[in-house]
Amino acid sequence: MSIVARLEGSARILALVKLANVALAMLWGFAVTYVFVRLLPIQEFRAFLLLVAFGNFTVSAELGLTSIAYNRLRRHWLAARGEGEASDFRPEELGVLVALLGGLTLTATLAMIGAILLGIISTQYPWLFVLFFLTACLNLFATLAKRALAAVDRNMLWEGLDMARRLVLLSLLVATLVGLNLTVSVLLQLLVSFSAIGMALLLLHRRMALRAGHWFALRVGGGHVRRHYLADFGASAALTVSEVVAYNAPYFLIALATHDPRPLLLFDFLFKVSRSISALVRAMIEAALPRLTSAWYRGDAARFRQLLLRAVIAGGGMALAIGIALIVFGRVLVLSLFDGKLIVDRVDLAGIALLLLGLSITCVSVYVQAALGRFRLLLRQSLPFLAGSVLSVPLAALAARNGVSFTEAFSLLLLMTFLGTGMLHAFALCRLTQSVKA
(Lines give C-alpha, C1' and ligand atoms only; values in the text may rest on other atoms or scores of the structure.)
Protein backbone atom coordinates (compact mmCIF):
# COMPACT_ATOMS: atom_id res chain seq x y z
CA MET A 1 0.00 0.00 0.00
CA SER A 2 1.38 3.44 -0.98
CA ILE A 3 2.00 6.23 1.52
CA VAL A 4 -0.86 8.24 -0.01
CA ALA A 5 -3.25 5.29 0.39
CA ARG A 6 -2.22 4.78 4.02
CA LEU A 7 -2.71 8.47 4.82
CA GLU A 8 -6.04 8.42 2.97
CA GLY A 9 -7.18 5.52 5.13
CA SER A 10 -6.72 7.45 8.38
CA ALA A 11 -9.76 9.59 9.13
CA ARG A 12 -7.84 11.56 11.78
CA ILE A 13 -4.91 12.43 9.53
CA LEU A 14 -7.22 13.29 6.66
CA ALA A 15 -9.31 15.52 8.94
CA LEU A 16 -6.20 17.32 10.21
CA VAL A 17 -4.92 17.95 6.69
CA LYS A 18 -8.32 19.20 5.55
CA LEU A 19 -8.61 21.48 8.58
CA ALA A 20 -5.15 22.88 7.86
CA ASN A 21 -6.23 23.65 4.31
CA VAL A 22 -9.43 25.26 5.58
CA ALA A 23 -7.33 27.41 7.92
CA LEU A 24 -5.38 28.62 4.90
CA ALA A 25 -8.62 29.32 3.04
CA MET A 26 -9.94 31.29 6.02
CA LEU A 27 -6.68 33.21 6.26
CA TRP A 28 -6.90 33.97 2.55
CA GLY A 29 -10.45 35.31 2.89
CA PHE A 30 -9.53 37.63 5.73
CA ALA A 31 -6.27 38.63 4.01
CA VAL A 32 -8.19 39.74 0.91
CA THR A 33 -10.25 42.11 3.05
CA TYR A 34 -7.17 43.24 5.01
CA VAL A 35 -5.25 44.10 1.84
CA PHE A 36 -8.00 45.49 -0.37
CA VAL A 37 -9.51 47.74 2.30
CA ARG A 38 -6.08 49.34 2.70
CA LEU A 39 -5.13 49.65 -0.97
CA LEU A 40 -8.50 50.77 -2.37
CA PRO A 41 -10.52 53.90 -1.53
CA ILE A 42 -13.58 53.13 0.60
CA GLN A 43 -16.04 53.55 -2.30
CA GLU A 44 -13.91 51.26 -4.48
CA PHE A 45 -13.84 48.73 -1.66
CA ARG A 46 -17.62 48.95 -1.39
CA ALA A 47 -17.83 48.18 -5.13
CA PHE A 48 -15.33 45.36 -4.60
CA LEU A 49 -17.62 43.76 -2.00
CA LEU A 50 -20.40 43.71 -4.59
CA LEU A 51 -17.97 42.09 -7.02
CA VAL A 52 -17.19 39.44 -4.40
CA ALA A 53 -20.90 38.77 -3.95
CA PHE A 54 -21.33 38.45 -7.73
CA GLY A 55 -18.38 36.07 -7.75
CA ASN A 56 -20.02 34.01 -5.03
CA PHE A 57 -23.17 33.82 -7.12
CA THR A 58 -21.16 32.64 -10.12
CA VAL A 59 -19.16 30.00 -8.26
CA SER A 60 -22.39 28.60 -6.85
CA ALA A 61 -24.12 28.74 -10.24
CA GLU A 62 -22.87 25.26 -11.14
CA LEU A 63 -26.19 24.41 -9.47
CA GLY A 64 -25.06 21.26 -7.72
CA LEU A 65 -23.59 19.52 -10.78
CA THR A 66 -20.37 18.69 -8.92
CA SER A 67 -22.36 17.25 -6.00
CA ILE A 68 -24.30 15.00 -8.37
CA ALA A 69 -21.02 14.00 -10.02
CA TYR A 70 -19.52 13.12 -6.63
CA ASN A 71 -22.53 11.01 -5.70
CA ARG A 72 -22.47 9.12 -9.02
CA LEU A 73 -18.70 8.63 -9.13
CA ARG A 74 -18.55 7.61 -5.46
CA ARG A 75 -21.24 4.94 -5.95
CA HIS A 76 -19.35 3.70 -9.03
CA TRP A 77 -16.06 3.54 -7.13
CA LEU A 78 -17.56 1.74 -4.12
CA ALA A 79 -19.39 -0.73 -6.37
CA ALA A 80 -16.10 -1.56 -8.08
CA ARG A 81 -14.80 -2.52 -4.60
CA GLY A 82 -17.86 -4.66 -3.93
CA GLU A 83 -19.64 -2.17 -1.65
CA GLY A 84 -23.17 -1.34 -2.77
CA GLU A 85 -24.99 -1.71 -6.07
CA ALA A 86 -23.35 -1.12 -9.46
CA SER A 87 -23.53 2.41 -10.92
CA ASP A 88 -23.92 3.48 -14.54
CA PHE A 89 -21.33 6.28 -14.29
CA ARG A 90 -19.43 7.00 -17.52
CA PRO A 91 -16.05 8.83 -17.60
CA GLU A 92 -17.25 10.96 -20.52
CA GLU A 93 -19.43 12.80 -18.02
CA LEU A 94 -16.35 14.58 -16.65
CA GLY A 95 -15.50 16.22 -19.98
CA VAL A 96 -19.05 17.52 -20.30
CA LEU A 97 -18.93 18.98 -16.79
CA VAL A 98 -15.65 20.78 -17.55
CA ALA A 99 -17.20 22.20 -20.73
CA LEU A 100 -20.32 23.33 -18.87
CA LEU A 101 -18.27 25.06 -16.18
CA GLY A 102 -16.15 26.73 -18.88
CA GLY A 103 -19.28 28.06 -20.56
CA LEU A 104 -20.59 29.35 -17.24
CA THR A 105 -17.29 31.12 -16.52
CA LEU A 106 -17.25 32.79 -19.94
CA THR A 107 -20.88 33.93 -19.66
CA ALA A 108 -20.45 35.30 -16.14
CA THR A 109 -17.24 37.12 -17.08
CA LEU A 110 -18.88 38.79 -20.06
CA ALA A 111 -21.81 39.80 -17.84
CA MET A 112 -19.44 41.27 -15.26
CA ILE A 113 -17.52 43.20 -17.93
CA GLY A 114 -20.85 44.52 -19.19
CA ALA A 115 -21.78 45.61 -15.67
CA ILE A 116 -18.53 47.59 -15.43
CA LEU A 117 -18.99 49.19 -18.86
CA LEU A 118 -22.58 50.17 -18.03
CA GLY A 119 -21.55 51.62 -14.67
CA ILE A 120 -23.55 49.09 -12.64
CA ILE A 121 -20.25 48.24 -10.94
CA SER A 122 -18.48 51.60 -10.80
CA THR A 123 -14.71 51.32 -10.53
CA GLN A 124 -11.49 52.98 -11.61
CA TYR A 125 -9.74 49.58 -11.57
CA PRO A 126 -11.54 47.53 -14.25
CA TRP A 127 -8.64 45.17 -15.04
CA LEU A 128 -8.13 44.43 -11.35
CA PHE A 129 -11.80 43.57 -10.94
CA VAL A 130 -11.92 41.39 -14.09
CA LEU A 131 -8.80 39.42 -13.12
CA PHE A 132 -9.99 38.93 -9.55
CA PHE A 133 -13.36 37.73 -10.86
CA LEU A 134 -11.67 35.21 -13.19
CA THR A 135 -9.56 33.94 -10.30
CA ALA A 136 -12.72 33.44 -8.25
CA CYS A 137 -14.40 31.61 -11.16
CA LEU A 138 -11.58 29.07 -11.25
CA ASN A 139 -12.99 27.76 -7.98
CA LEU A 140 -15.70 26.14 -10.10
CA PHE A 141 -13.09 23.84 -11.62
CA ALA A 142 -11.33 23.45 -8.27
CA THR A 143 -14.57 22.18 -6.75
CA LEU A 144 -15.01 19.63 -9.55
CA ALA A 145 -11.42 18.40 -9.20
CA LYS A 146 -11.70 18.23 -5.42
CA ARG A 147 -14.96 16.25 -5.37
CA ALA A 148 -13.94 13.91 -8.18
CA LEU A 149 -10.63 13.08 -6.47
CA ALA A 150 -12.46 12.60 -3.16
CA ALA A 151 -14.87 10.16 -4.82
CA VAL A 152 -11.94 7.96 -5.93
CA ASP A 153 -10.19 8.08 -2.54
CA ARG A 154 -7.57 10.67 -3.44
CA ASN A 155 -8.50 13.40 -0.96
CA MET A 156 -4.92 13.69 0.24
CA LEU A 157 -3.47 14.46 -3.19
CA TRP A 158 -5.93 17.31 -3.71
CA GLU A 159 -5.39 18.75 -0.24
CA GLY A 160 -1.61 18.80 -0.65
CA LEU A 161 -1.82 20.46 -4.04
CA ASP A 162 -4.44 22.95 -2.88
CA MET A 163 -2.46 23.88 0.23
CA ALA A 164 0.59 24.62 -1.92
CA ARG A 165 -1.59 26.75 -4.20
CA ARG A 166 -3.05 28.72 -1.31
CA LEU A 167 0.35 29.40 0.23
CA VAL A 168 1.58 30.87 -3.05
CA LEU A 169 -1.58 32.95 -3.45
CA LEU A 170 -1.27 34.25 0.10
CA SER A 171 2.37 35.20 -0.49
CA LEU A 172 1.46 37.09 -3.66
CA LEU A 173 -1.31 38.93 -1.81
CA VAL A 174 0.89 39.94 1.12
CA ALA A 175 3.58 41.10 -1.33
CA THR A 176 1.26 43.94 -2.39
CA LEU A 177 1.72 45.50 1.04
CA VAL A 178 5.45 45.88 0.35
CA GLY A 179 5.23 47.25 -3.18
CA LEU A 180 3.96 44.61 -5.62
CA ASN A 181 1.31 46.08 -7.92
CA LEU A 182 -2.13 44.75 -6.88
CA THR A 183 -3.24 44.01 -10.46
CA VAL A 184 0.00 42.14 -11.20
CA SER A 185 -0.46 40.15 -7.99
CA VAL A 186 -3.98 39.08 -8.98
CA LEU A 187 -2.79 38.13 -12.50
CA LEU A 188 -0.07 35.90 -11.03
CA GLN A 189 -2.64 34.35 -8.67
CA LEU A 190 -4.84 33.54 -11.68
CA LEU A 191 -1.96 31.74 -13.43
CA VAL A 192 -1.00 29.79 -10.29
CA SER A 193 -4.60 28.63 -9.73
CA PHE A 194 -4.96 27.61 -13.38
CA SER A 195 -1.78 25.50 -13.18
CA ALA A 196 -2.76 23.82 -9.89
CA ILE A 197 -6.25 22.87 -11.11
CA GLY A 198 -4.76 21.50 -14.34
CA MET A 199 -2.44 19.29 -12.29
CA ALA A 200 -5.40 18.07 -10.19
CA LEU A 201 -7.36 17.06 -13.29
CA LEU A 202 -4.26 15.25 -14.58
CA LEU A 203 -4.08 13.29 -11.30
CA LEU A 204 -7.75 12.35 -11.71
CA HIS A 205 -7.01 11.28 -15.31
CA ARG A 206 -4.29 8.90 -14.11
CA ARG A 207 -6.25 7.59 -11.12
CA MET A 208 -9.20 6.60 -13.30
CA ALA A 209 -7.00 5.40 -16.17
CA LEU A 210 -8.83 7.70 -18.57
CA ARG A 211 -8.02 8.27 -22.21
CA ALA A 212 -7.77 11.72 -23.80
CA GLY A 213 -10.87 10.93 -25.81
CA HIS A 214 -12.98 10.67 -22.65
CA TRP A 215 -12.58 14.42 -22.06
CA PHE A 216 -13.64 15.35 -25.60
CA ALA A 217 -16.50 12.89 -26.20
CA LEU A 218 -19.03 15.63 -25.53
CA ARG A 219 -21.83 14.03 -27.54
CA VAL A 220 -21.61 10.72 -25.66
CA GLY A 221 -21.07 12.41 -22.32
CA GLY A 222 -23.76 14.99 -22.96
CA GLY A 223 -26.35 12.33 -23.66
CA HIS A 224 -25.40 10.52 -20.48
CA VAL A 225 -25.57 13.73 -18.46
CA ARG A 226 -29.03 14.52 -19.85
CA ARG A 227 -30.33 11.05 -19.03
CA HIS A 228 -28.88 10.71 -15.54
CA TYR A 229 -28.32 14.20 -14.12
CA LEU A 230 -31.63 15.85 -14.92
CA ALA A 231 -33.49 13.69 -12.39
CA ASP A 232 -31.60 15.38 -9.56
CA PHE A 233 -30.56 18.57 -11.35
CA GLY A 234 -33.83 20.45 -10.82
CA ALA A 235 -33.73 19.93 -7.06
CA SER A 236 -29.97 20.47 -6.75
CA ALA A 237 -30.17 23.63 -8.89
CA ALA A 238 -33.02 25.07 -6.86
CA LEU A 239 -31.18 24.14 -3.64
CA THR A 240 -28.00 25.85 -4.81
CA VAL A 241 -29.85 28.97 -5.95
CA SER A 242 -31.68 29.22 -2.62
CA GLU A 243 -28.41 28.93 -0.67
CA VAL A 244 -26.61 31.43 -2.88
CA VAL A 245 -29.43 33.95 -2.59
CA ALA A 246 -29.74 33.41 1.16
CA TYR A 247 -26.04 34.01 1.78
CA ASN A 248 -25.41 36.78 -0.75
CA ALA A 249 -28.66 38.72 -1.25
CA PRO A 250 -28.16 40.77 1.96
CA TYR A 251 -25.07 42.37 0.35
CA PHE A 252 -27.22 43.92 -2.39
CA LEU A 253 -30.27 44.55 -0.22
CA ILE A 254 -28.23 46.39 2.43
CA ALA A 255 -26.59 48.51 -0.28
CA LEU A 256 -30.08 49.46 -1.49
CA ALA A 257 -31.52 50.04 1.99
CA THR A 258 -28.84 52.32 3.44
CA HIS A 259 -25.73 54.28 2.50
CA ASP A 260 -24.28 53.71 5.96
CA PRO A 261 -21.26 51.40 5.39
CA ARG A 262 -21.45 49.82 8.88
CA PRO A 263 -24.27 47.30 8.21
CA LEU A 264 -22.56 46.16 4.99
CA LEU A 265 -19.19 45.79 6.70
CA LEU A 266 -20.80 43.95 9.63
CA PHE A 267 -22.54 41.54 7.28
CA ASP A 268 -19.29 41.04 5.37
CA PHE A 269 -17.60 40.07 8.66
CA LEU A 270 -20.51 37.77 9.55
CA PHE A 271 -20.35 36.26 6.06
CA LYS A 272 -16.63 35.55 6.40
CA VAL A 273 -17.02 33.99 9.84
CA SER A 274 -20.02 31.89 8.77
CA ARG A 275 -18.20 30.68 5.66
CA SER A 276 -15.24 29.83 7.86
CA ILE A 277 -17.29 27.59 10.15
CA SER A 278 -18.99 26.12 7.08
CA ALA A 279 -15.60 25.30 5.60
CA LEU A 280 -14.40 23.74 8.86
CA VAL A 281 -17.50 21.56 9.15
CA ARG A 282 -17.24 20.64 5.47
CA ALA A 283 -13.63 19.55 5.98
CA MET A 284 -14.62 17.40 8.94
CA ILE A 285 -17.54 15.86 7.00
CA GLU A 286 -15.37 15.23 3.94
CA ALA A 287 -12.89 13.33 6.10
CA ALA A 288 -15.75 11.18 7.43
CA LEU A 289 -17.56 10.74 4.08
CA PRO A 290 -15.64 7.63 2.97
CA ARG A 291 -16.98 5.82 6.05
CA LEU A 292 -20.38 7.54 6.12
CA THR A 293 -21.14 6.73 2.48
CA SER A 294 -19.84 3.19 2.86
CA ALA A 295 -22.09 2.59 5.91
CA TRP A 296 -25.09 4.15 4.12
CA TYR A 297 -24.78 2.05 0.96
CA ARG A 298 -24.05 -1.12 2.99
CA GLY A 299 -27.16 -0.49 5.06
CA ASP A 300 -25.21 -0.42 8.36
CA ALA A 301 -27.61 1.78 10.37
CA ALA A 302 -25.76 1.52 13.69
CA ARG A 303 -22.41 2.56 12.19
CA PHE A 304 -24.01 5.37 10.20
CA ARG A 305 -25.79 6.71 13.30
CA GLN A 306 -22.53 6.60 15.28
CA LEU A 307 -20.55 8.48 12.63
CA LEU A 308 -23.29 11.07 12.18
CA LEU A 309 -23.50 11.76 15.92
CA ARG A 310 -19.74 12.26 16.01
CA ALA A 311 -20.03 14.73 13.15
CA VAL A 312 -22.72 16.77 14.90
CA ILE A 313 -20.71 16.89 18.15
CA ALA A 314 -17.52 17.86 16.32
CA GLY A 315 -19.31 20.56 14.34
CA GLY A 316 -20.88 22.00 17.47
CA GLY A 317 -17.51 21.93 19.22
CA MET A 318 -15.90 23.89 16.40
CA ALA A 319 -18.67 26.48 16.46
CA LEU A 320 -18.42 26.82 20.22
CA ALA A 321 -14.64 27.28 20.12
CA ILE A 322 -14.82 29.91 17.38
CA GLY A 323 -17.66 31.68 19.19
CA ILE A 324 -15.67 31.93 22.42
CA ALA A 325 -12.63 33.16 20.51
CA LEU A 326 -14.76 35.83 18.84
CA ILE A 327 -16.15 37.06 22.15
CA VAL A 328 -12.63 37.36 23.55
CA PHE A 329 -10.68 38.63 20.54
CA GLY A 330 -13.37 39.75 18.10
CA ARG A 331 -13.22 43.49 18.76
CA VAL A 332 -9.50 43.67 18.07
CA LEU A 333 -9.88 41.43 15.01
CA VAL A 334 -12.63 43.60 13.51
CA LEU A 335 -10.75 46.85 14.17
CA SER A 336 -7.65 45.48 12.48
CA LEU A 337 -9.45 43.76 9.63
CA PHE A 338 -11.50 46.79 8.56
CA ASP A 339 -8.82 49.36 9.37
CA GLY A 340 -10.97 50.99 12.09
CA LYS A 341 -13.97 51.48 9.77
CA LEU A 342 -16.14 49.06 11.79
CA ILE A 343 -16.54 48.78 15.57
CA VAL A 344 -18.45 45.96 17.26
CA ASP A 345 -19.33 45.33 20.90
CA ARG A 346 -19.63 42.17 22.99
CA VAL A 347 -23.37 41.90 22.29
CA ASP A 348 -22.72 41.79 18.54
CA LEU A 349 -20.05 39.14 19.01
CA ALA A 350 -22.18 37.04 21.39
CA GLY A 351 -24.97 37.06 18.80
CA ILE A 352 -22.58 35.86 16.11
CA ALA A 353 -21.30 33.12 18.43
CA LEU A 354 -24.84 31.88 19.05
CA LEU A 355 -25.61 32.07 15.35
CA LEU A 356 -22.64 29.79 14.59
CA LEU A 357 -24.06 26.99 16.75
CA GLY A 358 -27.21 26.86 14.65
CA LEU A 359 -25.15 27.07 11.48
CA SER A 360 -22.96 24.10 12.46
CA ILE A 361 -25.97 21.75 12.64
CA THR A 362 -27.25 23.05 9.31
CA CYS A 363 -23.86 22.45 7.68
CA VAL A 364 -23.61 18.84 8.91
CA SER A 365 -27.10 18.13 7.59
CA VAL A 366 -26.55 19.79 4.21
CA TYR A 367 -23.16 18.25 3.47
CA VAL A 368 -24.12 14.71 4.50
CA GLN A 369 -27.45 14.71 2.70
CA ALA A 370 -25.96 16.24 -0.46
CA ALA A 371 -23.28 13.54 -0.55
CA LEU A 372 -26.07 10.95 -0.38
CA GLY A 373 -28.00 12.61 -3.21
CA ARG A 374 -31.01 13.69 -1.10
CA PHE A 375 -31.43 16.97 -2.99
CA ARG A 376 -35.24 17.13 -3.01
CA LEU A 377 -35.46 16.81 0.77
CA LEU A 378 -32.70 19.37 1.23
CA LEU A 379 -34.54 21.82 -0.99
CA ARG A 380 -37.63 21.75 1.23
CA GLN A 381 -35.46 22.18 4.31
CA SER A 382 -33.63 25.19 2.81
CA LEU A 383 -36.67 27.34 2.01
CA PRO A 384 -37.19 28.73 5.56
CA PHE A 385 -33.56 29.85 5.62
CA LEU A 386 -33.96 31.57 2.26
CA ALA A 387 -37.09 33.39 3.42
CA GLY A 388 -35.53 34.53 6.69
CA SER A 389 -32.34 35.78 5.06
CA VAL A 390 -34.04 37.71 2.26
CA LEU A 391 -36.73 39.25 4.49
CA SER A 392 -34.31 40.28 7.24
CA VAL A 393 -33.17 43.43 5.40
CA PRO A 394 -36.60 44.88 4.46
CA LEU A 395 -37.94 44.03 7.93
CA ALA A 396 -34.93 45.76 9.52
CA ALA A 397 -35.53 48.79 7.28
CA LEU A 398 -39.15 48.84 8.42
CA ALA A 399 -38.03 48.68 12.06
CA ALA A 400 -35.58 51.54 11.42
CA ARG A 401 -38.47 53.77 10.39
CA ASN A 402 -39.91 53.23 13.86
CA GLY A 403 -36.76 54.31 15.65
CA VAL A 404 -34.98 50.95 15.97
CA SER A 405 -31.36 50.75 14.83
CA PHE A 406 -31.22 49.15 11.36
CA THR A 407 -28.03 47.26 12.23
CA GLU A 408 -29.41 45.89 15.51
CA ALA A 409 -32.73 44.82 13.94
CA PHE A 410 -30.95 43.15 11.02
CA SER A 411 -28.56 41.31 13.34
CA LEU A 412 -31.42 40.01 15.53
CA LEU A 413 -33.49 38.83 12.54
CA LEU A 414 -30.48 37.05 11.04
CA LEU A 415 -29.74 35.35 14.38
CA MET A 416 -33.34 34.06 14.59
CA THR A 417 -33.07 32.78 11.00
CA PHE A 418 -29.87 30.79 11.62
CA LEU A 419 -31.08 29.31 14.92
CA GLY A 420 -34.46 28.33 13.48
CA THR A 421 -32.81 26.70 10.47
CA GLY A 422 -30.46 24.79 12.76
CA MET A 423 -33.42 23.35 14.69
CA LEU A 424 -35.13 22.25 11.45
CA HIS A 425 -31.99 20.45 10.31
CA ALA A 426 -31.56 18.77 13.69
CA PHE A 427 -34.95 17.11 13.16
CA ALA A 428 -33.91 16.26 9.59
CA LEU A 429 -30.81 14.43 10.85
CA CYS A 430 -32.92 12.40 13.26
CA ARG A 431 -35.11 11.31 10.35
CA LEU A 432 -32.03 10.55 8.26
CA THR A 433 -30.73 8.00 10.78
CA GLN A 434 -34.06 6.18 10.54
CA SER A 435 -33.87 6.01 6.74
CA VAL A 436 -30.86 3.69 6.35
CA LYS A 437 -31.88 0.75 4.17
CA ALA A 438 -30.49 -2.57 5.33
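The values are calculated or read from the model by the stated rules, or taken from the named source; none is laboratory data. The shown structure was predicted, so the numbers you read here are calculated from the model rather than taken from an experiment. Cβ sites come from the backbone with ideal geometry, for glycine too, and all protein chains shown count toward neighbours.
Odds and ends about this structure:
- The stretch 336-350, subset of a type outside the set (Val, Ile, Thr) and surrounded by fewer than 18 Cβ atoms within 10 Å (Cβ to Cβ), residue nearest to residue 23 (Cα to Cα): 336
- Flag set for residue 373, criterion: at positive phi and under 22 Å from the mean Cα position of the chain (by Cα).
- Residues in the stretch 35-54 that are farther than 19 Å from residue 256 by Cα and in a helix (DSSP H, G or I): 35, 36, 37, 38, 39.
- Of the numbered criteria (1) at pLDDT below 85; (2) not in a loop (DSSP other than H, G, I, E, B), the one residue 373 fails is (2).
- Yes/no for residue 101 being under 26 Å from residue 185 (Cα atoms), out of contact with any Lys or Arg (no Cβ under 7 Å at 6 or more places or on another chain) and modelled with pLDDT of 85 or more: yes
- Residue satisfying condition, being modelled with pLDDT under 90, in a helix (DSSP H, G or I) and surrounded by fewer than 16 Cβ atoms within 10 Å (Cβ to Cβ), within set 383, 333: 383
- So residue 287, is it of a type outside the set (Val, Ile, Thr) and crowded, with 23+ Cβ neighbours inside 10 Å: yes
- Residue in the stretch 390-428 that is modelled with the highest pLDDT, counting only those that are buried (at least 20 other Cβ atoms within 10 Å of the Cβ) and of a type in the set (Phe, Trp, Tyr): 418
- Number of the exception - residue 141 against (1) assigned to a helix (DSSP H, G or I); (2) modelled with pLDDT under 90; (3) aromatic (Phe, Trp, Tyr): (2)
- So residue 431, is it charged (D, E, K, R), modelled with pLDDT of 90 or more and loosely packed, with under 15 Cβ neighbours inside 10 Å: yes
- Considering (1) more than 29 Å from residue 236 (Cβ to Cβ); (2) charged (D, E, K, R); (3) not in a helix (DSSP H, G or I), the lone condition that residue 437 does not fulfil carries the number (1).
- So residue 281, is it in the same structural domain as residue 381 (by TED's automatic domain parsing), assigned to a helix (DSSP H, G or I) and in contact with a Gly (Cβ under 7 Å, 6 or more places away or on another chain): yes
- Reported count of residues in the stretch 173-231, each being of a type in the set (A, V, I, L, M, F, W, C) and not in a helix (DSSP H, G or I), is 5.
- When the test is whether a residue is within 22 Å of residue 372 (Cα to Cα) and charged (D, E, K, R), residue 227 passes it.
- Residue in the stretch 55-65 that is modelled with the lowest pLDDT, counting only those that are crowded, with 22+ Cβ neighbours inside 10 Å and more than 11 Å from residue 139 (Cα to Cα): 64
- Meets criteria (touching a helix residue (DSSP H, G or I) at 6+ places or on another chain (Cβ under 9 Å) and either acidic (Asp, Glu) or not assigned by TED's automatic domain parsing to the domain that holds residue 71 (or both)) for residue 335: no
- The set of residues in the stretch 37-47 that are among the hydrophobic types (A, V, I, L, M, F, W, C) and free of Cβ contacts under 8 Å to residues at least 60 places away in the same chain contains only 45.
- Output for the stretch 294-320, where each listed residue is among the β-branched types (Val, Ile, Thr) and either free of Cβ contacts under 8 Å to residues at least 40 places away in the same chain or farther than 16 Å from residue 15 by Cα (or both): 313
- Filtering 234, 221, 213 for residues that are out of contact with any helix residue (DSSP H, G or I) (no Cβ under 6 Å at 6 or more places or on another chain), farther than 25 Å from residue 29 by Cβ and modelled with pLDDT under 80 leaves a single hit, 234.
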